[in-house]
1. Normalise the Cα radius of gyration of segment 116-163 by 2.2 N^0.38 Å (N = residues in it) and let me know the number.
2. Using the Cα centre of the chain as the reference point, and only Cβ charges (+1 on K/R, -1 on D/E), how large is the resulting charge dipole? Debye, rounded to the nearest 20.
3. Can you tell me the Rg and Dmax of the chain, counting just the alpha carbons, in angstroms?
4. Say R0 is 25 Å: what FRET efficiency, to the nearest 0.05, do D69 and A5 get from their beta-carbon distance?
5. Just checking the chain: which Cys have no other cysteine's beta-carbon under 4.7 Å?
6. Quick one: grab the alpha carbon gyration tensor of segment 23-125, order the square roots of its eigenvalues as a ≥ b ≥ c, and give me rounded if a/c is under 1.5, else prolate or oblate depending on whether a/b is larger than b/c.
7. Would you calculate, for the chain, the mean residue ellipticity at 222 nm contributed by helices, counting each DSSP H stretch of 4 or more residues as -39,500 (n - 2.57) and dividing by all residues, to the nearest 500?
8. With r defined as the distance between the Cβ atoms of A80 and E186 and R0 fixed at 35 Å, what FRET efficiency is calculated, to the nearest 0.05?
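Read the figures in this text as sums done on the coordinates, not as results from a lab. Predicted model, so just to flag it, every value in this text is computed and none were measured. Cβ sites come from the backbone with ideal geometry, for glycine too, and all protein chains shown count toward neighbours.
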Amino acid sequence: MIIPARFNGPPTSGNGGYSAGLFAGPAGEVHREVTLRMPPPLDTPLTLLDGIVRGPDGAVVAEVRPAGDLDTVVPPIGYAEAVEASTHYAGFTDHPFPTCYVCGPERTDGLRIFPGRLADGTTAAPWTVPDDVSAATVWAALDCPGGWAIIEAGRPYVLGRIAARLDRVPSPGERCVVRGALVGVEGRKALVNTTVYGPYGDPLARARATWIAIVAAH
């Protein structure tokens, strides 16, 4: 498998959610938990064997296992409320990775999911499903909205682990709402939940994830 360069998160590595979705397998096998052990390399042949994703040099990129129970959802809100929330997206003014495929404001060819924070600390964003949607695309949509429930100016985080359950891959052109919520923080780790809702308010996908704060180099 290969992560094409357009699906980046940080400029030189794969978006965590998209990469995890690719590692999780085809649409029928997406109830998985993926732990990223290193930034997923772009345009590089990767192999998956016995739940271990390795690069061409044998380095462990990720580990994949069954996800267990994934029942929690972030409560739904209306599409118009999500649109309003997105106008307050902090990433418009301060973004650690502005070319991120999912939430980068400098990407015109990305998912353009801009999760703004609501008064209760949760995030919300509208999402118009692209023509090339896949299970991995939905994993990507489940990624960043959770992260933006903890990311602050000057305090970047990256995805460390994500477990996802997909009930339905949305159709191209559908107008969805993506919700994110912070569950708790322990040291450099933040636990978050995310949910993708369909046009009629039905939960299409949900995830729990662990984000890791990046330690600045000195």
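1. Working: Rg = 12.4 Å, N = 48, 2.2 N^0.38 = 9.6 Å.
In units of the globular-protein estimate, segment 116-163 measures up at 1.29.
2. Details: 18 positive and 22 negative charges, 67 e Å.
I would put it at about 320 debye.
3. Looking at the chain, its Cα Rg and Dmax stand at 15.7, 49 Å.
4. Values: r = 35 Å, r/R0 = 1.41.
Efficiency, rounded to the nearest 0.05: 0.10.
5. C100, C176
6. Values: a/c = 2.80, a/b = 1.59, b/c = 1.76.
Oblate, since a/c reaches 1.5 and b/c is not below a/b.
7. Working: 4 runs with 28 residues, N = 218.
After summing the helix terms and dividing by the residues of the chain, the value is -3000 deg cm²/dmol.
8. Details: r = 35 Å, r/R0 = 1.01.
Plugging the Cβ-Cβ distance into 1/(1 + (r/R0)^6) gives 0.50.
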